[in-house]
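The values are calculated or read from the model by the stated rules, or taken from the named source; none is laboratory data. What you are looking at is a predicted structure, and each value in this text was computed from that prediction instead of being measured. Reconstructed Cβ throughout: ideal geometry from the backbone, glycine too, with neighbour counts over all protein chains shown.
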Amino acid sequence: MKFLVRLTTTFPAGLSDDERARLLAAESARGRELVAAGTIEHLWRLPGRLANVGVWSVRDADELHAAIASLPLWRFMDVRVEALASHPLTEGAAEPLASQPAAGGAVDSR
């Protein structure tokens with residue numbers, strides 16, 4: 001299954017610079033492991049904040065939860081997840097768009 005995952009990190013007040021640097025280094029290392037394992041397929045930073053959005057590929061929601069919870073910054077994150085389904089306009093779709101009923105129920109035969 002593929003999921004769109006949005007992660008926003010907010011560090012608590014009073015966190016030392018050393019602890020912040022240690023956590024960021026550990027997060028980067030764990031992220032690289034998830035990329036190498038194929039769990040994180042695509043990842044984009046959201047400029048101006050400590051946030052990203054990515055496409056994660058796992059067997060099910062339980063595996064996704066375990067992967068996200070394995071991140072060292074997990075306890076400081078706001079996590080938003082949406083399950084993804086294939087779209088008929090993209091390669092590998094189960095049924096081409098032209099064979100699906102158009103508005104009104106007619107099949108588009110173009």
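Details
- Residues in region 1-30 that are in contact (Cβ under 8 Å) with a residue 60 or more places away in the chain and either among the hydrophobic types (A, V, I, L, M, F, W, C) or in contact with a His (Cβ under 6 Å, 6 or more places away or on another chain) (or both): Met1, Phe3, Leu4, Val5, Leu7, Phe11.
This table checks each residue for (1) β-branched (Val, Ile, Thr); (2) at pLDDT below 95; (3) in contact with a His (Cβ under 7 Å, 6 or more places away or on another chain); (4) part of a strand (DSSP E or B).
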| position | (1), (2), (3), (4) |
| --- | --- |
| Leu64 | no, no, no, no |
| Ile68 | yes, no, no, no |
| Leu71 | no, no, no, no |
| Arg75 | no, no, no, no |
| Arg80 | no, no, no, yes |
| Leu89 | no, yes, no, no |
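- The residues of region 42-57 that are surrounded by 12 or more Cβ atoms within 10 Å (Cβ to Cβ) and either closer than 19 Å to Arg75 by Cα or not small (Gly, Ala, Ser) (or both), listed by number, are His42, Leu43, Leu46, Leu50, Ala51, Asn52, Val53, Gly54, Val55, Trp56.
- Condition met for Glu33 (in contact (Cβ under 8 Å) with a residue 12 or more places away in the chain, in a helix (DSSP H, G or I) and of a type in the set (Asp, Glu)): no
- Residue in region 2-23 that is surrounded by 15 or more Cβ atoms within 10 Å (Cβ to Cβ) and assigned to a loop (DSSP other than H, G, I, E, B) present: no
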